[in-house]
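The values are calculated or read from the model by the stated rules, or taken from the named source; none is laboratory data. As the structure is a prediction and not an experimental result, all values here were calculated from the model. Positions of Cβ are generated from backbone atoms using ideal geometry, with glycine treated the same way; all protein chains shown enter the neighbour counts.
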């Protein structure tokens with residue numbers, strides 16, 4: 001299983017861009033990178049997924065360098081409601097994979 | 001769209017009691033899994049299933065049993081509850097067994113306390 005490393009916590013203010021980096025040095029060729037968001041008392045919610053370069057959707061962007069040993073989740077102009085725990089996962093795209101959730105990054109957005 | 005439904009939302013048990021946590025999904029997903037989440041520990045995989053009739057152990061399977069008789073349902077059984085099983089339990093499902101590519105959909109959790 002590819003192990004991931006994320007910062008334990010990050011602080012930001014409303015309106016700022018937040019970048020959370022995840023290290024995954026042992027990522028395999030077929031692994032996808034997936035980010036989830038979790039609010040208190042709720043289950044994790046899928047945010048974005050990518051394989052290489054850049055992926056963007058309505059809530060976030062995911063940047064993956066050529067060596068794929070890390071990835072960065074970018075949240076533009078965060079609001080108080082973005083305060084949550086963010087998890088980075090790496091898993092294979094073919095066959096079966098038991099994805100492992102680490103401890104995630106606790107993002108606190110202040111006014 | 002119900003998605004992944006977990007019942008009950010809260011439960012208190014006494015040590016030694018048995019209980020089944022229910023999980024149902026209406027998305028025709030092949031892959032279903034159970035996680036537990038403890039403070040400061042992230043989510044840890046208990047058991048998973050890649051289709052009806054097929055189950056396997058995850059990272060922390062001891063003390064839990066599962067079965068998958070239908071595509072929709074994946075119950076988690078505690079045969080003899082222990083205080084160490086006090087946790088929040090999440091059920092998840094995804095379309096494909098290639099879970100690295102297909103995102104998982106999670107329920108809202110069952111908060112279980114064992115006295």
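Here are some conditions: (1) more than 10 Å from every other protein chain (Cβ to nearest Cβ); (2) surrounded by fewer than 19 Cβ atoms within 10 Å (Cβ to Cβ); (3) over 13 Å from residue B:94 (Cα atoms); (4) touching a residue at least 60 places away in the same chain (Cβ under 8 Å). Residue B:23 meets all but one. Which one does it not meet?
The failed condition is (2).
Would you check if residue A:79 is exposed (fewer than 15 other Cβ atoms within 10 Å of the Cβ), away from chain B (no Cβ under 14 Å) and modelled with pLDDT of 95 or more? Even if it seems obvious, please write down each step before you answer.
Working: exposed (fewer than 15 other Cβ atoms within 10 Å of the Cβ): yes; away from chain B (no Cβ under 14 Å): yes; modelled with pLDDT of 95 or more: yes.
It is true that residue A:79 is exposed (fewer than 15 other Cβ atoms within 10 Å of the Cβ), away from chain B (no Cβ under 14 Å) and modelled with pLDDT of 95 or more.
Which of the residues that make up segment A:48-68 are closer than 12 Å to residue A:89 by Cα and at pLDDT 95 or above?
Hits for segment A:48-68: nothing passes.
Taking strands (runs of 3 or more DSSP E) that do not extend beyond segment B:30-115, which have at least 3 residues that are surrounded by fewer than 21 Cβ atoms within 10 Å (Cβ to Cβ) and touching a residue at least 12 places away in the same chain (Cβ under 8 Å)?
Answer list for segment B:30-115: B:43-51, B:110-114.
Just one of (1) closer than 26 Å to residue B:40 by Cα; (2) at pLDDT below 95; (3) within 14 Å of another protein chain (Cβ to nearest Cβ) trips up residue A:84, so point out which.
Failed condition: (2).
Filter segment A:36-76 down to residues that are within 12 Å of chain B (Cβ to nearest Cβ), buried (at least 19 other Cβ atoms within 10 Å of the Cβ) and over 20 Å from residue B:95 (Cα atoms), then give me how many there are.
Qualifying residue count, segment A:36-76: 1.
Does segment A:20-36 contain any residue that is in contact with a helix residue (DSSP H, G or I) (Cβ under 7 Å, 6 or more places away or on another chain) and either more than 17 Å from residue B:42 (Cβ to Cβ) or free of Cβ contacts under 8 Å to residues at least 40 places away in the same chain (or both)?
Of segment A:20-36, the ones in contact with a helix residue (DSSP H, G or I) (Cβ under 7 Å, 6 or more places away or on another chain) are none.
Within segment A:20-36, none of the residues are in contact with a helix residue (DSSP H, G or I) (Cβ under 7 Å, 6 or more places away or on another chain) and either more than 17 Å from residue B:42 (Cβ to Cβ) or free of Cβ contacts under 8 Å to residues at least 40 places away in the same chain (or both).
With respect to residue B:88, determine if the residue is at the interface with chain A (Cβ under 10 Å from one of its Cβ atoms), in contact with a strand residue (DSSP E or B) (Cβ under 7 Å, 6 or more places away or on another chain) and modelled with pLDDT of 90 or more. Show your work before the answer.
Details: at the interface with chain A (Cβ under 10 Å from one of its Cβ atoms): yes; in contact with a strand residue (DSSP E or B) (Cβ under 7 Å, 6 or more places away or on another chain): yes; modelled with pLDDT of 90 or more: yes.
Yes.
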